[in-house]
Structures are given as structure tokens and as C-alpha cells.
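S.K.: Structure below; questions to follow.
The values are calculated or read from the model by the stated rules, or taken from the named source; none is laboratory data. Note that this is a predicted model, so its numbers are computed, not measured. Positions of Cβ are backbone-derived with ideal geometry, glycine not excepted, and every protein chain shown enters the neighbour counts.
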Amino acid sequence: MSNIVSVLTYKSSDEIILKEGTDAWALNPKHAAKCKYVICVRNRHDVRKIWHGKEKHREAFLIGKIKKVVKSQSMSGRFKIEINEYAKISIQEFWTKGDRNPVSYKDVDLNTVKNLKFIKIEKYNEGKIFNDRKEITKEGLHNNPGFGISQNQGIATAVVLSGGYVDETDDRGEEVVYIGQGGRDKKTGKQIANQSFSNVWNKALQFNCQWNIPVRVFRGSNLNSTYAPKNGYRYDGKYLVNDCWYSKGQDGFTICNFKLVRPENFVPNEKTRYSSTQHSKEIFNKPSTMQLTDIDLEKDLKKWTPKGNIDMQKNYQDKLELLEKTTKKHEDTVKTIAKIFKEKNLKSRKAQFDLYVQLNGVGKLFEIKTWKPKNLKEQIRNGIIKLLEYKVRYQNEKIIPQHVELYLALSSNPMKLMDKYKYLLDLMDNLKITFCWLENKKIKTIKKFSSNISWIN
């Protein structure tokens, strides 16, 4: 009988520890329960998932002592492997090509395992008092004493309710509305700017909401609540983020709200994997209006691509679009094409879209896409969707005329790879979308679309 079960996962160490195990797996629960350990191995090849962690593909990064195997609360017909102790490891190429994806059973040298320093899953009694924020940080329960939200690699690990925001008043013990981060004057405590879910800490807490990840909750003595401790900061256990939404705060600025509830009061939604409230759906489906900077597109692609759900996929596409616009390659492509228009005495504008020009009463709407061999198909498909969406939306809003031509322009010549995507060329032809690319500071295309770019060249 094998002594370990290994799982190929995109989840981070923090998420696994916070959830006290890893789920949701299609496995034989009796077989898995007979194993002594579960080993988590990094999966970096499924672009549909959200990757947290810098480990290489197939690298084992965490081993846990199996407590029990139970039915998953997030997905029916699947199981969670609960652990009570863990140790962080680094074993390259632990997952071999012969292993059954995504759950495999193996034998490991238990003498090696015994030499590992296992850490018990934190079982701080609710009610434990910490003298100050630094003490919480020293215990490893919060990684940023200067902020209310603690996050690591996009996952919120803890929040501190300290009464720092004037709107932080809705505390009912079992449930609390937590106010997000940003826009507060440190001296006066007043809100002086809008908050946004683009803020890295707010975004992390939003992520927990989407994926039912618990977060540690601390209440401070300065909190205006009957549940606040008399002194210091009290650990009140793990809560789940049940909902999130925008609202106007008392000072007149937009604030981010998060509804935190105890797990026993939380009912997960198996179909959407996040709260079914209208608040959450509106937030997850609405692209951010904030400009994101210093974010690598490829890393964010790994972080934000969720599996399955259409609403979440749309959210990912919105975020990918926004993030793409922050990359230098995308911006350079836009500027080069805009310069081509200028040389033709055509005034281009960006505004809601990448580029738009108008010639003889006809609108020319351009969607610009950067690409790499591994995401070419995805970028083309996303570009098609965006163009069709913009056409309908902005015609209805009378921003562009009824007669408009659509152009999908790539940052470089993709034709060496397009043999396997010929159906996409036919699709664009049927949808009357001109496919083109930037090459040697000129706009190029294939024969079937050549007449459509004669006005440029």
C-alpha cells in the first residue's frame, strides 16, 4: 500500500494552510485515508487556473500529515484531504510523466520524512490577546503591521479590525462588514480618496471571496464595537468572505466593503464557487477603472485565469485587457499605429478603445493585441470578443457611428503559427473583422483582407 497521496495543484501554501487541507479531488476516500501524508506538487501548465507560488512545474512544495479525508464543501462528488501538520519542501521533478493526473499514489522513504520539521496548523484559541500589531506579525499571523489586510501572492491571510475607518461600524460578532484599504488620511482618519478593488490588498480579499478561502480576523481595542477587546488585539478565528461591493462612504468617497462570516454561517455556492449575492457578481463582472502599474502581464495571466465559470472568465478577460495596456509592448504598438494614422492626416483617439479613427463618416475601430506563441489563439479570440462588444456597446451609447469597421491588429507577424488557426481567419472574415499586424512600422495583412487596409497604405 502506498504511504503518500500526491496532488498536482495550482494552490499556494498559504491557501492550503488556511483551509487546513487541499481540495477538491476526485479520488477514492478510503484509499487516500490510508495514506499517512499528502504531498502538494506545483501545476503551472493549466492556463485556466490561478497559480500562486514561484515553484517550478512538477516541484513538490509542501507535505502534510493527513488528519482525515472528507467530502468537499466547494464541489459535489469530490473530497478534501485535511491535514493537521505540514512542512515546506522543495523536490524538483517529483511529479513524473507516469503519474496519474491530478492525483497519484506513491511510496516515499519515511526516514526522510521524519527528518523534516513539521509545523502544527495554528490552533490559536479564539480570544488570545496580542499586545500590539508587531506581536501579531512576529507570530507570523500578519505580514504587514502597517496595513489592515495581510496578503501573500494574491491571497488575503489576515485582517485587523481596528476602527481606522469611519465606516467601519457594522460588527455583529458572527458577521462583520470590513472596509477595504486605501484613501484614508493617516492623521485625521478621514476618507480623502476613492478605494478600488484594483488595490493589491483589496484584490487579494476579493480573491478569497471568489474562491472561498478563509482569512484570520483580529479585533483591536479601538474598534467601535461591543465585540472589541478592552486592550490590545484579540484573535477571533477564521472567517469566510461572503460578499464584496462598492458603496459611498460617510465622507463621500467610494469604499470597498467585505462581508466576513464565520464558516458555520457560510453556505458555499457549488455552481459559481463564490458568493451568489448580486453585489459580488456585479464586482466580479465589472472591469476596474484603475490603472494598474508594475504588473507583469504573463504573471497576472497565471494568477487571474479561473476555471470554468463564464462570469469569472469574463472577469479574467477584463483584467487581462486592462493589464495588457500597462505593458510597454502593447503601448509601443499602439503608438506606432497611431503615428501611421497621423502621417495619413488621420486623427486617432484612444478613450474607451485601443485606437479609433474616422474617415468619410466611417468609423475604424482597432483592437491591439500583443502575443506569444503560447497565447496566440487566446489573444485572437479575446480580441474578437472585445471588438464585437465595443461595436454594440458604443454604437448604443452613440460614441461611434452605425457604420463602423473592425480591425484586430497584432504586435507582430503571426503567420508562421496560423496554419493551425485557419478557422479563426475564416471566423474573422465571416464577422467582417480585418485581421492585420504591425511589421517594419507598417500595417500588413493576408490577401483576403488586403483591400480593407488600402486606406492605410
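A quick yes/no check of all residues on (1) surrounded by 18 or more Cβ atoms within 10 Å (Cβ to Cβ); (2) of a type outside the set (S, T, N, Q):
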| position | (1), (2) |
| --- | --- |
| L359 | no, yes |
| N382 | yes, no |
| V392 | no, yes |
| K398 | no, yes |
| S412 | no, no |
| K441 | no, yes |
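S.K.: Quick one: is L424 assigned to a helix (DSSP H, G or I) and surrounded by 12 or more Cβ atoms within 10 Å (Cβ to Cβ)?
M.R.: Against the criterion (assigned to a helix (DSSP H, G or I) and surrounded by 12 or more Cβ atoms within 10 Å (Cβ to Cβ)), L424 qualifies.
S.K.: Look at the stretch 1-37 and say how many of its residues are free of Cβ contacts under 8 Å to residues at least 60 places away in the same chain, closer than 18 Å to K88 by Cα and among the basic types (K, R).
M.R.: 1
S.K.: Please state which one of K238, K281, K230 is over 19 Å from Y165 (Cβ atoms), of a type in the set (K, R) and at pLDDT below 85.
M.R.: That would be K281, the only listed residue that is over 19 Å from Y165 (Cβ atoms), of a type in the set (K, R) and at pLDDT below 85.
S.K.: Identify, from the list K30, K56, K65, the residue that is modelled with pLDDT of 85 or more, in a strand (DSSP E or B), surrounded by fewer than 21 Cβ atoms within 10 Å (Cβ to Cβ) and in the same structural domain as S104 (by TED's automatic domain parsing).
M.R.: On inspection, the qualifying residue turns out to be K65.
S.K.: Could you check N440 against (1) touching a helix residue (DSSP H, G or I) at 6+ places or on another chain (Cβ under 8 Å); (2) more than 16 Å from A338 (Cβ to Cβ); (3) not β-branched (V, I, T) and say which number it fails?
M.R.: (1)
S.K.: A follow-up question, please. For residues that are buried (at least 16 other Cβ atoms within 10 Å of the Cβ) and among the hydroxyl-bearing types (S, T, Y), scanning just the stretch 73-109, find the one that is nearest to the chain's Cα centre (by Cα).
M.R.: S74
S.K.: Scan the stretch 166-181 and report the pairs whose first residue is assigned to a loop (DSSP other than H, G, I, E, B) and whose second residue is polar (S, T, N, Q), with Cβ atoms within less than 6 Å and a gap of 6+ or a chain change.
M.R.: Between residues of the stretch 166-181 that are assigned to a loop (DSSP other than H, G, I, E, B) and residues that are polar (S, T, N, Q), the close pairs are V166/Q250; D167/Q250; T169/N224; E174/N265; G180/Q195; G180/N202; Q181/N199; Q181/N202.
S.K.: Sticking with this structure for a sec: Do you know which residues across the stretch 362-373 are out of contact with any Lys or Arg (no Cβ under 6 Å at 6 or more places or on another chain), under 20 Å from W455 (Cα atoms) and either among the polar types (S, T, N, Q) or crowded, with 19+ Cβ neighbours inside 10 Å (or both)?
M.R.: G363, K364, L365, F366, I368
S.K.: Right, something else. Answer with yes or no whether L376 is surrounded by 14 or more Cβ atoms within 10 Å (Cβ to Cβ) and either more than 26 Å from K342 (Cα to Cα) or assigned by TED's automatic domain parsing to the domain that holds K339 (or both). Reasoning before the result, please.
M.R.: Values: surrounded by 14 or more Cβ atoms within 10 Å (Cβ to Cβ): yes; either more than 26 Å from K342 (Cα to Cα) or assigned by TED's automatic domain parsing to the domain that holds K339 (or both): yes.
Yes.
S.K.: Could you tell me which numbered condition G148 fails, if it satisfies all but one of (1) touching a helix residue (DSSP H, G or I) at 6+ places or on another chain (Cβ under 7 Å); (2) under 18 Å from G232 (Cβ atoms); (3) not hydrophobic (A, V, I, L, M, F, W, C)?
M.R.: (1)
S.K.: Another one. Which condition does K230 not pass, out of (1) within 27 Å of the chain's Cα centre (by Cα); (2) farther than 24 Å from E15 by Cα, if it passes all the others?
M.R.: Just one mismatch for K230, condition (1).
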